[in-house]
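Structure first, commentary second.
The values are calculated or read from the model by the stated rules, or taken from the named source; none is laboratory data. Bear in mind the structure is a predicted one, so any value in this text is a computation, not a measurement. Backbone-built Cβ (ideal geometry, glycine too); neighbour counts: all protein chains shown. For accessibility, only protein heavy atoms count, side chains too; no ligands or nucleic acids. Shrake-Rupley method; radii C 1.70, N 1.55, O 1.52, S 1.80 Å.
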Amino acid sequence: MAFARSIHHLHPLPPVSNTRGLKPSPLFLGSIRPDSHTHTITRSSVSVSSSAQRRSAVAANVSDVKTKPAANLLVTKEEGLEVYEDLILGRVFEDMCAQMYYRGKMFGFVHLYNGQEAVSSGFIKLLKQGDSVVSTYRDHVHALSKGVPARAVMSELFGKTTGCCRGQGGSMHMFSAEHNVLGGFAFIGEGIPVATGAAFTSKYKREVLKEDCDDVTLAFFGDGTANNGQFFECLNMAALWKLPIIFVVENNLWAIGMSHLRATSDPEIWKKGPAFGMPGVHVDGMDVLKVREVAKEAIGRARRGEGPTLVECETYRFRGHSLADPDELRDPDEKARYAARDPITQFKKYLIENKLASEAELKAIEKKIDEVVEDAVEFADESPAPSRSQLLENVFADPRGFGIGPDGRYRCEDPKFTEGTAQV
Amino acid sequence: MWGILRQKVGDTGLSPQGLGNQMLRLRPATSAVRDYSAATKEMTVRDALNSALDEEMAADPNVYVMGEEVGEYQGAYKITKGLLDKFGPERVVDTPITEAGFAGIGVGSAYHGLRPVIEFMTFNFSMQAIDHVINSAAKSNYMSAGQINVPIVFRGPNGPAAGVGAQHSQCYGAWYGSVPGLKVLVPYSSEDARGLLKAAIRDPDPVVFLENELLYGESFPVSAEALDSSFTLPIGKAKIEREGKDVTITAFSKMVGYALKAAEILEKEGINAEVINLRSIRPLDRATINASVRKTNRLVTVEEGFPQHGIGAEICASVVEDSFGYLDAPVERIAGADVPTPYAANLERMAFPQIEDIVRAVKRACYRSV
């Protein structure tokens with residue numbers, strides 16, 4: 001319901017005409033928007049994301065909550081610590097990847113997620129194991145948030161046989177059937193139809209197979225992808241068939257060296273949602289709590305069978321596109337502005353100011369994560385490289401092909417195949 | 001008529017996993033089919049495909065069909081006729097014109113265990129979705145190290161029809177046949193169509209199923225065994241359609257019919273040709289082809305696709321690698337002309353192999369003409 005209103009009163013971005021031309025409007029980028037510097041979210045200084053519209057309506061009615069301040073907050077202590085731990089894991093892991101890359105332990109294309117952790121933690125920590133996540137090449141942290149062990153991801157990056165894909169996938173192709181991480185795709189936009197298909201499966205299971213299935217799928221992709229044809233094809237089909245999918249745009253304003261404003265006729269990506277018949281929401285992707293609120297609503301919609309949502313998260317990557325990117329085109333001022341909005345610092349401040357956690361508890365978490373990541377590196381280091389025989393493995397699930405049975409004989413030559421005893 | 005050799009597949013030296021290592025120890029090929037009861041029924045390829053889809057969808061609720069015009073229009077070429085009424089719109093899904101989108105949706109649903117049959121109205125349109133066929137379907141089992149397999153079938157008409165112009169006439173056998181992780185099947189007769197499509201749907205890996213529009217209406221005799229709902233043909237095995245001793249002709253899809261007719265003409269001139277229906281481009285049945293060449297010592301490959309890097313090129317290389325000493329003449333390759341397909345009827349006729357071309361090439365291979 002909230003989203004139905006939010007389509008119209010979405011957020012106070014300036015009218016589109018201000019954002020034409022190459023010079024980014026400071027209001028649009030949010031970097032000097034007064035509310036974006038509000039690091040604490042209290043009821044009085046409710047910031048202007050879509051969820052705020054809803055909350056301000058609710059706040060007027062809730063008068064008895066004043067006596068229990070903790071209940072106003074958006075997370076419980078438990079949830080807060082879980083989210084904080086996930087944020088720290090993402091950051092420390094990626095920093096370690098950079099170190100390992102420069103030491104030659106990791107190679108090829110490595111794309112790091114520093115600065116965008118709020119989006120991953122904000123969304124993925126609300127999912128169940130049965131829900132699916134589909135990502136791009138910037139997928140390490142999505143896999144970690146979904147539950148793939150740090151050891152497995154690090155080994156995969158080192159190309160060892162103990163990696164989550166036995167070293168055969170690599171940085172850009174993280175798959176985990178157990179945790180429903182469906183990749184890891186190098187081509188931008190490639191994951192979106194795959195995610196739409198996973199959502200299609202949920203619907204198919206409910207309607208055709210009559211199973212109890214309310215699994216949702218999250219598709220993560222960037223601002224550059226929002227101009228790609230497959231994206232629009234899937235917005236159309238997801239809305240048409242009311243698929244339980246959330247399209248999460250991680251708008252970090254840059255596609256390698258191509259500024260979003262130079263590449264896009266209408267830079268406000270959230271608007272593309274209503275054009276296809278689904279709600280479009282814009283949220284401050286540097287603030288994990290705001291992301292979490294929007295995510296709750298969107299995931300709830302999808303689970304109830306109300307269809308897809310397009311969520312545009314305004315975020316920023318502190319490092320270059322990949323470790324090979326010299327990152328010369330981005331304005332250092334812009335980087336500094338976003339660094340000041342570091343999601344981890346913001347959330348830490350929130351937790352402490354709202355007495356959800358003490359400095360010591362947070363430090364303990366940071367220490368624990370340091371140990372986890374170092375253990376992951378050690379494990380990966382000591383793991384063996386894949387054996388030579390692994391080269392030809394896993395090309396097919398059934399290398400013989402269906403028509404040949406397990407005993408090597410053709411199924412159609414089994415005299416009993418017509419009696420249904422041929423094993424299918 | 002048929003020499004029936006009942007040999008277990010295991011004896012032919014084919015290792016279950018190595019797709020590349022099969023040529024090392026060749027034994028005489030088995031005839032890929034046993035002696036079925038005399039054919040009592042004729043069936044068009046279209047009906048064969050339709051019945052195969054019908055039976056597979058009835059047997060397994062995870063199988064569904066998705067594509068343009070597959071539902072209410074009853075299929076652009078009527079292959080999916082009647083399925084919408086039987087199975088409903090959730091299982092026979094009409095899509096908007098979004099190849100990349102719906103091919104990807106099929107792949108995503110296959111990741112989670114459904115068994116989609118994605119129809120491309122022609123395989124030319126698969127080029128809009130080729131990223132999904134190759135990158136997210138074919139490569140996923142490998143990239144995920146066996147965690148996620150993709151039991152999907154991409155099917156549709158392939159190759160030229162009649163007068164449909166350059167953008168609707170390309171053959172994609174060579175392109176898809178070069179990708180590890182895909183199985184590529186090319187049925188000819190109704191029995192092929194039924195058996196291979198059923199095997200493809202039940203197979204846990206991505207299968208590209210290349211049909212031929214002009215064959216849809218052709219009738220072939222089918223045995224009672226082929227009509228059984230459990231009938232499947234082995235993937236990766238060629239069929240020797242006609243046994244011979246002077247020259248081997250390999251062909252697939254519509255060209256098998258042409259090769260058989262050419263063989264009849266050649267018979268009158270004293271050349272006894274062996275015609276191999278490839279049935280499967282990937283895995284290519286190198287064992288059967290090589291065994292045949294070792295018997296006849298001459299090879300002519302026929303295909304409708306473009307000549308460079310085509311199927312014939314691969315077969316020629318395989319034979320040269322494994323059976324070079326047995327060749328008595330250079331391998332003759334017949335392929336489509338190296339031009340985008342022209343529209344004019346007489347030019348189009350020149351752009352694709354005709355029966356006379358096959359006869360001529362066989363005679364060249366037999367040193368009976370220049």
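Odds and ends about this structure:
- Threshold 30 Å² - residues in region B:174-203 whose accessible area is reduced by that much or more when the chain is no longer isolated, probe 1.4 Å: B:Gly181, B:Lys183, B:Arg202
- Among the trypsin sites (Lys or Arg not before Pro) in region A:188-244, those located in a DSSP loop and surrounded by at most 15 other Cβ atoms within 10 Å of their own Cβ are A:Lys210.
- Buried area at the A-B interface (accessible, heavy atoms, 1.4 Å probe, summed, Å²): 5300 Å²
- Inter-chain neighbour count for A:180-189: the average number of beta-carbon atoms from partner chains within 10 Å of each residue's beta-carbon is 4.
- The fraction of Cα-Cα pairs per 10 angstrom bin, counted from 0 for the protein assembly as shown, comes to 3, 13, 21, 21, 17, 12, 8, 4, 1, 0, 0 percent, rounded to whole percents.
- For region B:219-355, the normalised intensity computed at q = 0.15, 0.16 Å⁻¹ comes to -0.77, -0.87 (log10 of I(q)/I(0), Debye sum over alpha carbons, equal scatterers, no solvent).
- Element breakdown for region B:159-208 at a 1.4 angstrom probe: carbon and sulfur atoms account for 56% of the accessible area.
- Counting Cβ atoms of other protein chains within 10 Å of each residue's Cβ and taking the mean over peptide A:218-231 gives 1.
- Surface accessible to a 1.4 Å probe, per residue, for the residues of region B:195-332, Å²: 29 Å²
- Per residue, chain B reaches -9000 deg cm²/dmol at 222 nm when only DSSP H runs of four or more residues are counted, each adding -39500 (n - 2.57).
- Karplus (6.51, -1.76, 1.60) ³J(HN,Hα), θ = phi - 60°, over region A:323-340, in Hz, Gly and Pro reported as x: 6, 9, 8, x, 6, 9, 8, 7, 5, x, 5, 4, 4, 5, 4, 6, 4, 5
- Accessible area expressed per residue, region A:265-337, with surrounding protein chains retained (probe 1.4 Å, Å²): 32 Å²
- Cα gyration tensor, region A:305-356 - rounded (a/c under 1.5), prolate or oblate: oblate
- Taking Cα centre as origin and charging only the Cβ of basic (Lys, Arg, +1) and acidic (Asp, Glu, -1) residues, the dipole magnitude of region A:228-305 rounds to 320 debye.
- Residue-count net charge about A:Gly277 - beta-carbon cut-off 13 Å; Lys, Arg +1, Asp, Glu -1: +2
- 37 Å tail of the calculated P(r), chain B, as % of Cα pairs: 16 percent
- When only the Cβ of Lys, Arg, Asp and Glu is charged (+1, +1, -1, -1), the dipole of chain B relative to its Cα centre reaches about 1100 debye.
- Remark on region A:188-319: ratio of C-alpha radius of gyration to 2.2 N^0.38 Å is 1.04.
- Approximate spin-label separation A:Asp327-A:Leu391, in nm, with each point projected 7 Å along Cα-to-Cβ: 3.7 nm
- Between B:Ile265 and B:Tyr73, the FRET efficiency estimated from the beta carbon spacing at R0 = 30 angstrom works out to 0.15.
- Number of partner chain Cβ atoms within 10 Å, mean per residue of A:167-177: 4
- Toward the positive end of the charge dipole of region A:262-393, with +1 on the Cβ of Lys and Arg and -1 on the Cβ of Asp and Glu, the farthest Cα among A:Ala298, A:Pro384, A:Ala336 is that of A:Ala298.
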